[in-house]
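Here the structure is laid out as structure tokens; the discussion comes afterwards.
Computed from the coordinates by the stated procedures, all read-outs in this text should not be read as laboratory data. Keep in mind that this is a model prediction, so the values were computed, not measured. As a convention, Cβ positions derive from the backbone with ideal geometry for all residues, glycine included, and neighbour counts pool all protein chains shown.
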């Protein structure tokens, strides 16, 4: 509709009206000043609401996200309020679908839906939260590159009453307000429209009896996983939908990761038929070759689709969209039986677990390879089975009646797995004959948390993650980008006073990087140190930067030019922390030599009259290391940390000790001191896993933040003093604390932290690792591709591989599930009476056992998940569990206060042995494959072996005093070798028959977990550096 020569604010010349709804008009305009095309929305708010709309517009204008068109301008003019954003070009989503002549490609839609769900997460995390609310098709633009872009106008548009297929049903009430769950419905409806070519019926139409068409009945190329996501997102009852955008995003990312594969339901096949335009870029499948739903979930009957352009009910029997003239293999599937509400609710619950399970789907690890090959599943089995299957040389699928095209598998058939789940040792297996040639052949690195730092303006939070710098929104922890340039792990971060520059230093890297925060690019590198960087600090009033290194020097730089201004020498040990005084005239440095020195910044000379040295360590007669340093905001006091565990509060002019703050039981870390902005409170962090709060004036502890369980690496306080971020690299977790309440406010988990257990897949191709933070990682060793998902953070043994492409795991919700990729299902294992703490299975997958905090062990049939029995041990809790290789026996290990081990017979649920003698915490247990031995290690320093059938002690092996104790053990698949690890990094190989040591290797970091691959060719060892080392017996002359 033409709007003549209307000009808004004497600047925005209206070209035409794009959309008109009650209370808002959207125009396409030209900016008379710049000549740009713009979209302008004019709102007619109720009387007295202009000021509220102005506040909302200011909040919207501050939001930045790639999927949201930024709000360029906003203003009131008379009784109207206007908002202006860039014209994205392209067309709205409805016109984009019409222009294509049919649904948009699934891959493209999933990519765009993921972007929109990330936008939702960002909007919902605003304070107060923002919502899409009553999204219309004209609020979604598809630009020339195919990207979906949301106009900012929808964030301010009131909820309308006219029929809308995108509006959640609960918003039809006059007093309704949008929520995170209503926004999930909106994205689901948008996806449905884009993937089927038809918008879903409005909620009113559905309530009047018009069913929601199963997406695959309108477009059979939609994958079953995506259909399930859509059906859940479009539930009429909010409680049955995804409750957060993140939940839906994870499910969609999983489906996108699978690339339309069948998750093992059958060979991934492509027809050779040539499709007709406009679908020429999409390989087509015959309808009969497409799996239309997950087991037990049938799509609803196909109703008459509802075009979004019309809000009136459609004709009684419209032709499906697109009209006849489908390309080969694109005809819609025949109608199916409707899906009951009960089934939908059940499927929604299952899908939550399935979303986690599918994230495990490592079929994407090898291009074109289905999950069965990756996890060593039987070739064409339709259901899990313990019987071996034959691998056919060339699988084929018979042509269907609808298509005579030949179909072929995209990959060769997988190697069959023996009935007992373990294969005979191959020619490369580690054996008693070659174990002396054992060699570390590969190092698997994990993402590890480093330092953390708030920007001075309080908007951003920088975090070191291995060799990268990760930027986050300080309020919501939204990921804003990751920067890569260092070659070593990040050790230190520092912000410039104006928050525009970020400096970073790293281990094994002598250069400092200066990053432009607005672009994420390195603007200069500071070279000069001859050792790696341990600490850096910006001066509060400018661009001066100080750095401390392992070369025992401190250097001062002009970060704006990269010029080295001074080299400060005098320390005789590695530099610890460095910090400028609040007026930027003085620099303090701490060192391993036990001294703290003050330097005049202008001259680069050490300031005389200041003197501080840490006390002598009576064990070494050397001074305790001085670690972190921090000036009080008024510059009168200097806090110094030490490896003694004491924080010294010094007079900053003289070095005289004002207070000794005692309470920590381990080192104060370099990045572990922070004053509150008012200077009245000091926070300190150490390797005792606590953050302690001190009254500066009185020198007394007033509180302790003790949620962490392992070493804290770094802390940082927000500029307003309301939040404190603490990072534990060993936990793989960052906690953001609300300091007013002294309680955790948010958590961020990165990587795994320390690896607590390792397990190989049956075909030895995938290594599973369980992290201290509960994250479970699956790594395809052939190409190092990784998939991670959340497991239980209270379990150190939460993963077990089963044959035929299945996993048993303890979930984040502390439930036990079997994830069956062959059938595309996940099933809860019910029957446990306590919270599961550990899980194990035999190699053949006959038995799954889970120990619980109430001292019970639940036993299930590994083939079908049937609950067999619960074993009530005499232990207060079961911390570790093991299953014999034949599945006949289960072992349960108790707590540090009751370190007994009970052996139970699975067949009749009878306890057959109680193994005593362990004096402290049990660290590892295992049955000997093909043998009668049972081995256990503990912190008492003894490796014990019993005959588990008779209970007789066979032998005890004491760890060497210099090694302390045994941290882990593992039998080789044939039972001929027993490997153990120690906290000092020694891996030893024993002959279990006579207890003789056959070989040993030394690694740099202490050993936390060990496992042999089922083919016997590799030993994986998890180290205290959060990495994993792979060992092989290297043949003479091999490289």
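For the listed peptides 677-684, 643-650, a ranking on the average number of other beta carbons within 10 Å per residue, highest first, reads 643-650, 677-684. Put in line by how crowded their Cβ is, counting other Cβ atoms within 10 Å and starting with the fewest, 25, 489, 145 read 145, 25, 489. Normalised by the number of residues in segment 471-749, the average gap of Cα pairs under 8 Å and 6 or more apart makes the relative contact order 8 percent.
For segment 110-186 versus segment 640-685, the inter-centroid distance based on Cα atoms is 49 Å. Placing a label point 7 Å from the Cα of residue 76 along the Cα-to-Cβ direction, the residues of segment 26-63 with a backbone N closer than 20 Å are 41-62. Note on residue 656/residue 499: beta-carbon distance plugged into 1/(1 + (r/R0)^6) with R0 of 30 Å gives a FRET efficiency of 0.30. I need the shape label for segment 471-749. Rule: rounded when a/c is under 1.5, else prolate if a/b > b/c, else oblate, with a, b, c from the alpha carbon gyration tensor. Rounded shape, in that the Cα axes give a/c under 1.5. In segment 859-921, Cα pairs under 8 Å separated by at least six residues give a relative contact order of 23 percent.
Label-to-label distance for residue 175 and residue 518 is 4.8 nm, based on points extended 7 Å past Cα in the beta-carbon direction.
Model label sites at residue 697 and residue 993, defined 7 Å from Cα along the beta-carbon direction, differ in position by 7.7 nm.
Using the Cβ-Cβ distance between residue 709 and residue 947 with R0 set to 60 Å, the FRET efficiency from 1/(1 + (r/R0)^6) comes to roughly 0.95. Computed packing ranks the peptides 479-488, 103-112, 886-895 as 886-895, 103-112, 479-488, most packed first, by mean other Cβ atoms within 10 Å. Quick check on segment 7-86: take the gyration tensor over C-alpha atoms, sort the square-rooted eigenvalues as a ≥ b ≥ c, and tell me if it's rounded (a/c under 1.5), prolate or oblate. It is oblate, given that a/c is not under 1.5 and a/b is not larger than b/c. Distance from the alpha carbon centroid of segment 559-574 to that of segment 38-83 works out to 50 angstrom. Just check segment 728-792 against the gyration tensor rule for me: Cα atoms, a ≥ b ≥ c as the square roots of the eigenvalues, rounded for a/c under 1.5, and otherwise prolate or oblate depending on whether a/b exceeds b/c. Note, shape of segment 728-792 comes out prolate.
Between residue 742 and residue 608, the modelled labels are 4.6 nm apart [label points 7 Å from Cα along Cα→Cβ]. Full extension of the chain between residue 445 and residue 783 gives 120.3 nm of extra length, using 0.36 nm per residue less the Cα-Cα distance.
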